[in-house]
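One structure is given here, and the rest of the page talks about it.
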Amino acid sequence: MASTSPELTTTTTPLLGQSLEELTDWVKAQGQPSYRGKQLHQWLYDKYARSLADVTVFSKEWRAEIAAVPVGRSQLHFRSVAPDGTVKYLLKLADGHIIEAVGIPTERRLTVCVSSQVGCPMACDFCATGKGGFLRNLETHEIVDQVLTVQEDFEQRVSNIVFMGMGEPLLNPKNVVKAVRSLNQDVGIGQRSITVSTVGIPGQIRRLAAESLKITLAVSLHASNQTLRETLIPSARQYPLEALMEECYEYLHQTGRRISFEYILLSGLNDLPHHAAELAEMVGGFQSHVNLIPYNPISEVDYQRPSDHQIQTFVDELKKRNVVVSVRYSRGLEKDAACGQLRAQKLAS
Ligand code: SAH
């Protein structure tokens, strides 16, 4: 019996982000044999189906019935390739909102930088996304879609995912965790190759630890003391560094996973030798990795990016104190500049 009520077919949540089990339950609820679940899973995640009308292994009759069930793929609104091969995508969601995803190819890897929200409410002073305000959380399928879009476009399997696009992932923990599980189980990306980056939301790092995922947690510190951090990150006033670091310790102990700390370098402001000393002191007990990110100028504020010499001095100060440190230059800088700027520019034009 393949017939189904119109209500069932039009009100279903999008299929993307659902597991093999959930998809199998869905096809069975539509009166179909369970092997159709496996076929549906394959067409969604391996064959990039955008509509159930495209799934030609299903009978014509059934396809016609379920054609209106949303798969959950977003529309490509704009695509731009930087000279270094980085590709930025603006994706249009079903409600018309625009989000940004980035594909970053390196020698053997393809990393996708995904957004977790439309905009961001954290309003960090140096971040372009924060200047645009916050609209809403992304749904699970809207996160998974970003990765499939990049994988399909590059015709290459995505190897790594970083939640460093628009938004604060830990303000959207339910959908982010569901997306991480789907990216792992359905898209086939190792949990160890997925990084969730957060500026810190009280209680949420603890909550993430309880999910027992093998992902990497990146914590956006950006300052070596509370006073300085409050000037850059408004939410830091309600969440002192001490409490944030305490949660990081708990995370480390519960999951056994090392944390990496992100630190944006702002010339003369947080990149002096005494800042390096404070930072080393703070992360000392963690055996962690510190990623230094030289500031990418955005038009709304007048922070400066440090010179190569200043950056090297800061690195040396950390190394002297046995901190494992890397400098990460934002990719694709030549064309569309920093985080969130492509969206801002294209929407304004
Ligand atoms: N809300 C999360 C995820 C957003 S990604 C978080 O804060 O971690 C945040 C990262 O974007 C920061 O760690 C920083 O590395 C980067 N970033 C934001 N604005 C930047 C800018 N103007 N220049 C360089 N990096 C920037």
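The values are calculated or read from the model by the stated rules, or taken from the named source; none is laboratory data. Note that the coordinates shown come from a computational prediction; the quantities given were computed from them, not determined experimentally. A quick note on method: Cβ atoms are made from the backbone with ideal geometry, for glycine too, and the neighbour counts reach across all protein chains shown. These accessible areas exclude ligands, DNA and RNA; they are computed on the full protein's heavy atoms, side chains included. Shrake-Rupley method; radii C 1.70, N 1.55, O 1.52, S 1.80 Å.
Data for the structure
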{"quantity": "Odd one out for Leu217, checked against (1) in a loop (DSSP other than H, G, I, E, B); (2) within 15 Å of the ligand (Cβ to nearest atom); (3) not β-branched (Val, Ile, Thr)", "calculated": "(1)"}
{"quantity": "Residue match in segment 287-309 (condition: away from the ligand (no atom under 15 Å from the Cβ) and either in contact with a strand residue (DSSP E or B) (Cβ under 7 Å, 6 or more places away or on another chain) or modelled with pLDDT under 90 (or both))", "calculated": "yes"}
{"quantity": "Segment 17-32 residues that are part of a helix (DSSP H, G or I), paired with ones that are open to solvent by 70 Å² or more (accessible area, probe 1.4 Å) (beta carbon under 7 Å, 6 or more apart)", "calculated": "Leu20/Lys38"}
{"quantity": "Hey, Arg192 touching an Asp or Glu at 6+ places or on another chain (Cβ under 8 Å), at pLDDT 95 or above and open to solvent by 40 Å² or more (accessible area, probe 1.4 Å) or not", "calculated": "no"}
{"quantity": "Segment 52-85 - residue that is open to solvent by 40 Å² or more (accessible area, probe 1.4 Å) and assigned to a loop (DSSP other than H, G, I, E, B) and, of those, farthest from Asp153 (Cα to Cα)", "calculated": "Ser59"}
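Per-residue answers, yes or no, for (1) assigned to a loop (DSSP other than H, G, I, E, B); (2) closer than 23 Å to Val187 by Cβ; (3) away from the ligand (no atom under 16 Å from the Cβ); (4) outside the structural domain of Ser235 (by TED's automatic domain parsing):
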{"position": "Ala94", "(1), (2), (3), (4)": "yes, yes, yes, no"}
{"position": "Val118", "(1), (2), (3), (4)": "no, yes, no, no"}
{"position": "Thr129", "(1), (2), (3), (4)": "no, no, no, no"}
{"position": "Leu135", "(1), (2), (3), (4)": "no, no, no, no"}
{"position": "Val144", "(1), (2), (3), (4)": "no, yes, yes, no"}
{"position": "Gln151", "(1), (2), (3), (4)": "no, yes, yes, no"}
